[in-house]
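This report concerns only the one structure given below.
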Amino acid sequence: MKFINFISNLDKRWIYLILALCIIIPFLFPVGFPMKTTPPVKSIYDFIEDSIPEGGVVLIGADYDPSTMAELHPMAKVIAAHALSNNLRVLFVTLYPQGAGMAQDAIDNVLKEWNKSNPENQKQLGKDITLLAYVPGVSAVVLKMGEDITQTFNEDGYGNKLSELEVMKGIKNYNDINLMVELAGSSVVLTWLIYANGRYGLKMGIGTTAVSAAEYYSYLQSKQAIGMLGGLKGAAEYEHLLDKKNVYGGRKDASIGMDAQSSAHIFFIILIILGNIAYFVKKRKEGK
Amino acid sequence: MFLRRTLPLLVSAIFGIALILQFFVPHPASKSFYNLMLDWLIIVSAFTYLIAVQSTVELHFTKIKRKVEGWQYSIIVLVSLFVTALLGVFGGAFMPTTLWMKIFPSVKPTDTTPLMYTYLYMQMPMQSTIFSLLAFYMASAAFRSFRARSFDATLLLVTAGIVTLGRVPLGEFIYKGLPDVVEWILKYPNMAAQRGILIGVQLGIIATSIKIILGIERKYLGGGK
Amino acid sequence: MAIATNFWIWIAALLTLAIYSFLYKDNPFYKFAEYLLVGISIGYGISVYWHNTIITKVYNPLVYDKNFLVLIPLLLGLLMFSRFFKNVSYLSRIPIAFVVGAGTGLSVPSSFEFLFKQVYATMPLKLDFGSLIIVVGVISTLVYFFFSLEHKGFVGRVSRVGITFIMVAFGAAFGYTIMARVSLFIGRIQFLLSDWLGIIK
Amino acid sequence: MKNKIFFFIFIILSFIITFPQNETSKDEPVVRVDSTIVKEFQIKDVSNDDGSKLEISCQKVLEGNNSLFKLYRKELNDTVFKNVKTFQSFPVKIVDEGLSYQKKYQYYLAVSDSLGNESEKCLIGDFSPKADLFKTDKTILLLMIIIYTMVIIYLVESVRKGKDLFVRKISGLDTLDEAVGRATEMGRPVLYVPGSSSMSDIATIASLNILGPVAKKIAEYETKLIVPNRDPIVMTVAKEVVKESYSEAGRPDVYNDNDIFFLTDSQFGYAAAVSGIMTREKPATNLLLGMFWAESLIMAEAGNTTGAIQIAGTDAVTQLPFFITSCDYTIIGEELYAASAYLSREPLLLGTLKAQDYFKGFIIFIITFYFVILLISWITGGNLVFLNKILEILRFIFKS
């Protein structure tokens, strides 16, 4: 009983402290449990690996901001790196100003890491990869891209005319894009599915925060999306798949966090169980 | 009266109906109308961004003027907003502007812009940190308030437990089949309920859209009747 | 690796810690960071919007391409500024009505199609255990949210099944949410331990 | 009435179902040529398009010949032919895009050997693609939009004229009365949080609709009601709603303007401040109704630790799990709108709710019907042609 009283009166800052330790310690002493790849992740990977011919185009939608970057930023980097490794062209697009900064950072990072680990196959901004300018209008932008991408944006995020960029050669609209992977933690995913996929038949994959992952299984079953990366785990699985190819030396942000993720999850389960024990013991005592 | 209410309602009704009908007409004439509308929409919505700026500036301005409790913090908002915008507009967003390079001859076109410094080293860490606080709130709530108080809540917590464990490598280490169990839950029972909810929500959204076009839903026009 | 010497990394780290100080208790450091964030993010928005939208979509087409077709939507958009003047602020309703009206017009057929796709996917070609679960789950969930019948008798039992499905779905979402929140914290710890303190790679 | 509407929908649907059969027999302009190298070399207009596409198809005559085939196109008054596609395997179906419906085109097919010498040309033309005025494959969609619009107009109007439409009782509402009663017994206040969003959210409006009747009950019991706000406009509306309810209950004297106040616009700051109120004032009942984001669990936890009865309701699916596990009763998703329509009886809300219900009923009916037929077909071994036909028709309705 003493114990029950103790835990129900515990200051929450102790819980905060233990949680912090649960996450910091695994970073210092990593274990590295093996992990299985889930089918929704594998299908995006396989599509980029096998179904897109060299020179094909992958469009990455960076519709997230720093608040969810921990989960989505690793996805942007690893998918872009994978596309580059197959000599595909990568276009980043964003419907929000905050996403432009994220995309720009991802491009910067991937290019730097790629060129460091592959000196014989250098990639260039504007030739292999670029960021389309941020244009407001959300659904209107998505629809207009289906008609004419160059006309939608006029310029890339750096102020270069799209019509003069090598990366845009032969790209008119969604018909020339092999796959779009939309990275977002909000309902903007629906905007892309409704307009780009529904109206123009753009092939889509989703990368989303774990919060929304359960919800989006509906679109996988209805085949509106070919696959999905859900949260940090999804990103980690993708990093593992790409790692087997051994072409990209960038930091594996998602994978190194997996031990911490494991220990934190165990901690959460223990918390819920302890809390409920206290609740039931108390309830029984009050009932008597 | 005409400008205040009738015209806006007419505008939304006319363009709404025209664009619904456009969907069903594949003729090139309808297609060019559609393209024109999209161009217009993009340019007009470029100005809607101003509203967000205006309302924030106004809010903090009034706070300072009225000396509301904590008004000093509003000064921080306005100053940082002004400085960042100034740096961004003159220094360039993702590539330094020619003006900036003229003022600072040592800056190369490939250099990081001043705006990106504020983004990468101030906005990014702060915004992501604020949301990471949720991990702590969640832990304390897990301990103090997530209770199996009914059959429904128990079922919810048990599923949650399975998913939480099954989605990390450690869960797989404990029991090899766990990821498949989780995948099954997500793919079938979860998917079915999510879809049921989604169908209801979509019907609601469509109903609201139709009411806007019909002019019987006017809340989006803001205050007053 | 050693502790960072970059000035900016220190700024980032200190701001991060300022926000974490809120966990101990609300304090001026946290408030400072919070309000700073509001200002910076809007300032950033204005800049991106200036270079990527005003310059590329309005200034360049008008000045360099002499595309005067832009003028009509431009004037419509400029009405938005009437918001700054109380006595004519109602003029801004016209561009808003245009954006909302045209936007909903674009969305209605596509949203219906989207809805149909979801219903279509619920009609399986062949009967197996998985599709059985899906059909039962979708129908019973819909029945739970059907408000024209009292939840009694048969309807009551079906809606009971529905709420069971809903609880499983919420449980899955709940589990996933725990994962999401932990990931956000992991992201910050990675920054502090690696970029700032240089303890890990 | 309900039956009438369903009957109406079904009449129209039966029209639709017979529609496609007539359509396929419709004459499509086809140009066709048989030659020595290929047979059935033909050009067809692609239906339901903007007149920019033609479909070219052909079959092989000679077997075992592995030479390359090249398809060329030119405008009628042009002189040069342009290569459209090179192919090797048969039968082929090529969709030639980017054409104009105002021009005429000629095509020819050539066989080329391994050295690239072309021989045996086969010319076809002149043909111009047709620009259609209506997408016949979207007829059902258009009808559905029209029907849905009419049902909404009809129901909203009939509620306006005073017709009473049935909405089932939302079980959370009973608990609401009870919870208010308990606060009176204990002599402690009731806390009402109208969500963390602005008036642009339907959930906020729904919450304010529920606030009215709740405030009336509270006024009758003479209990204290606290309403902290995150949005100044929501606060103004909440004040009006509560004031009105107090006068309706005949107790305008009990109304205290200071109990409905603005806290802060910061997301977590608001949640922290509400938690503070919960621990200080120890309300017996917390009502959290409206739109919530990630901050929901901070408030739900604080209320739970003070031992208050908590009733929550939101349409934010991601926040519902927290409410279900930390509150005594939760109003889930659309139930919130239903509750607000039920209490306010506002024509716009009630009419729309019913219209949605009819469509939901329609979808439930179609899926159930489909499932039953599928079950029968499965039991009988799946060989009954008419059952398969019904299944196909049912799927066709939603195949857009």
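Readers should treat all values here as calculations from the given coordinates under stated rules, not as data from a laboratory. Since we're looking at a predicted model, the values are computed, not measured. All Cβ positions, even for glycine, are placed from backbone atoms using ideal geometry, and neighbour counts span all protein chains on display.
Percent of C-alpha pairs per 10 Å bin in chain D, short distances first: 4, 16, 17, 13, 13, 12, 11, 8, 4, 1, 0.
Relative to its residue count, segment D:146-218 spans a Cα convex hull of 132 Å³ per residue. Under 16 Å from a label point set 7 Å out along the Cα-to-Cβ vector of D:Glu244, the amide N atoms of segment D:346-375 belong to D:346-350.
Using Cβ contacts closer than 10 Å as the measure, can you line up C:Tyr44, B:Tyr49, C:Tyr176 from fewest to most?
Values: C:Tyr44 26, B:Tyr49 18, C:Tyr176 30.
Taking fewest neighbouring Cβ atoms as first place, the list is B:Tyr49, C:Tyr44, C:Tyr176.
Taking one quarter of the surface of the C-alpha convex hull of segment D:81-139 gives a mean projected area of 5.8 nm².
Treat segment B:147-225 as a sphere of radius equal to its Kirkwood radius over Cα pairs and apply Stokes-Einstein at 25 °C in a medium of 0.890 mPa s; give the translational diffusion coefficient in µm²/s, rounded to a whole number. Working shown, then result.
Details: Rh = 16.1 Å.
Rounded, D is 153 µm²/s.
With the convex hull of the Cα atoms taken as the outline of segment A:134-191, the averaged projected area works out to 4.4 nm².
The Rg/Rh ratio for segment D:352-400 is 1.12, where Rg is the radius of gyration of the alpha carbons and Rh is the Kirkwood radius. Principal axis extents of the Cα atoms in segment C:57-138, from largest to smallest and rounded to whole angstrom, are 63, 36, 15.
For segment D:109-149, the share of alpha carbon pairs falling in successive 10 Å distance bins from zero is 21, 20, 16, 15, 16, 10, 2 percent.
For chain B, averaging the sequence separation of C-alpha pairs within contact (under 8 Å, six or more residues apart) and dividing by the residue count gives a relative contact order of 16 percent.
Loop-located GluC sites (Glu not before Pro) in segment A:72-161 (DSSP state other than H, G, I, E, B) with a sparse environment of at most 10 neighbouring Cβ atoms within 10 Å: A:Glu120.
Could you work out the per residue convex hull volume over the alpha carbons of the protein assembly as shown, in cubic angstrom? Walk me through the intermediate numbers first.
Values: hull volume 231.4 nm³, N = 1114.
Taking the convex hull of the Cα positions in the protein assembly as shown, it is 208 Å³ per residue.
With r defined as the distance between the Cβ atoms of B:Trp184 and C:Phe154 and R0 fixed at 25 Å, what FRET efficiency is calculated, to the nearest 0.05? Show your work: numbers first, answer last.
Working: r = 29 Å, r/R0 = 1.15.
After rounding to 0.05, the efficiency reads 0.30.
Residues whose amide H lies under 5 Å from that of A:Leu229, counting only those 5 or more places away or on a different chain, are A:Ile206, A:Gly207, A:Thr208; hydrogens are built 1.01 Å from N in the peptide plane. Summarising the amide proton neighbourhood of D:Val84: residues at separation of 5 or more, or on other chains, whose placed amide H is nearer than 5 Å comprise D:Leu71, D:Tyr72, D:Arg73. Model label points for A:Ser43 and B:Val57, set 7 angstrom from Cα along the Cα-to-Cβ axis, are 4.8 nm apart.
Of the beta bridges DSSP finds with both residues in segment A:39-254, what % are antiparallel, to the nearest 5? Of those bridges, close to 10 percent are antiparallel. Relative to the longest principal axis of the Cα atoms of chain A, helix A:258-287 runs at roughly 40 degrees. Taking only the alpha-carbon positions of segment C:127-201 and ignoring solvent, what does the Debye formula give for the base-10 log of I(q)/I(0) at q = 0.13, 0.22 Å⁻¹? Debye intensities relative to I(0), on a log10 scale: -0.58, -0.95.
Any idea what % of Cα-Cα pairs in chain B are farther than 28 Å?
Counting every Cα pair in chain B, those more than 28 Å apart make up 66 percent.
Under the convention that each Lys and Arg Cβ holds +1 and each Asp and Glu Cβ holds -1, the size of the dipole of chain A around its Cα centre is about 1440 debye. Taking the DSSP bridge list for the protein assembly as shown and keeping only pairs wholly inside it, about 50 percent are antiparallel. Taking the charge dipole of segment A:1-87 about its Cα centre, with +1 at Lys and Arg Cβ atoms and -1 at Asp and Glu Cβ atoms, the residue from A:Ala81, A:Gly55, A:Ile24 reaching farthest to the positive side is A:Ile24. A simple spin-label model places pseudo-atoms 7 Å from Cα toward Cβ; at D:Tyr154 and A:Lys127 they are separated by 6.6 nm.
Of all alpha-carbon pairs in segment A:1-154, indicate the percentage at a distance above 22 angstrom. Working shown, then result.
On the way: 6851 of 11781 pairs.
Roughly 58 percent, once rounded to a whole number.
Taken about its Cα centre, segment D:30-127 carries a charge dipole of about 40 debye when Lys and Arg each add +1 at the Cβ and Asp and Glu each add -1 at the Cβ. Under the criterion of Cα pairs below 8 Å and six or more residues apart, the relative contact order for segment B:69-145 equals 22 percent.
Against chain D, whose longest principal axis is taken from its Cα atoms, helix D:202-221 shows a tilt of about 20°. Counting other Cβ atoms within 10 Å as a rough exposure proxy, the listed residues D:Arg188, D:Arg160 run D:Arg160, D:Arg188 from fewest neighbours to most. For chain D, the longest principal axis of the alpha carbon atoms and the long axis of helix D:232-248 meet at an angle near 50°. Membrane-span-like helices in chain B (whole DSSP H runs, Cα extent of at least 24 Å along the helix axis, mean Kyte-Doolittle hydropathy of at least -0.5): B:7-24, B:28-66, B:71-91, B:124-144, B:191-214.
How high is the FRET efficiency from D:Lys103 to D:Lys60, r the C-beta distance, R0 25 Å, rounded to 0.05?
Details: r = 30 Å, r/R0 = 1.20.
Efficiency for this residue pair is about 0.25.
Evaluated at q = 0.11, 0.20, 0.23 Å⁻¹, the base-10 log of the normalised Debye intensity for segment C:3-96, with identical point scatterers placed on the Cα atoms, takes the values -0.62, -1.00, -1.16. The residue list C:Ser110, D:Val214, B:Val182 was ranked by how far each Cα lies along the charge dipole of the protein assembly as shown toward its positive end, using unit charges on Cβ atoms, and D:Val214 comes out on top. Percent of C-alpha pairs per 5 Å bin in segment A:39-254, short distances first: 1, 8, 17, 22, 23, 17, 9, 3, 0.
The magnitude of the dipole of the protein assembly as shown, with charges of +1 and -1 set on the Cβ of Lys/Arg and Asp/Glu and taken from the Cα centre, is near 1780 debye.
Please sort by residue number the trypsin sites (Lys or Arg not before Pro) in segment B:1-93 whose DSSP state is loop and whose Cβ has at most 11 other Cβ atoms within 10 Å.
Loop-located and lightly packed - B:Lys67.
Would you order B:Arg218, D:Arg230 from fewest to most other beta-carbon atoms within 10 Å of each residue's own beta-carbon? Provide the component values of the computation, followed by the final result.
Details: B:Arg218 17, D:Arg230 25.
Ascending Cβ contact count within 10 Å gives the list B:Arg218, D:Arg230.
Per residue, the convex hull spanned by the Cα atoms of segment A:195-288 measures out at 152 cubic angstrom.
Quick one: what do you get for segment D:171-345 if you divide its Cα Rg by 2.2 N^0.38 Å?
Working: Rg = 14.2 Å, N = 175, 2.2 N^0.38 = 15.7 Å.
Computed over Cα atoms of segment D:171-345, the ratio equals 0.91.
Dividing the radius of gyration of the alpha carbons in segment B:69-145 by their Kirkwood radius gives 1.22 for Rg/Rh. Note on chain D: with a GNM built from Cα contacts shorter than 10 Å, the maximum mean-square fluctuation among D:Arg251, D:Arg182, D:Arg73 falls on D:Arg73. Here the simple spin-label model places points 7 Å from the Cα toward Cβ, and for D:Ser47 and A:Ser186 these points are separated by 4.3 nm.
In this structure the amide hydrogen of A:Gly61, modeled in the peptide plane, comes within under 5 Å of the amide hydrogens of A:Val93, A:Val181, A:Glu182, A:Leu183, none closer than 5 places in sequence on its chain. Averaging 1/r across all pairs of distinct Cα atoms in segment D:30-127 and inverting the result yields a Kirkwood radius of 13.8 Å.
Working value for chain C: equivalent-ellipsoid semi-axes of 44, 37, 20 Å, each the square root of 5 times a Cα gyration tensor eigenvalue, largest first. Rounded to 0.05, the FRET efficiency of the B:Thr208 and C:Ser89 pair, given R0 = 25 Å and the Cβ-Cβ distance, is 0.50.
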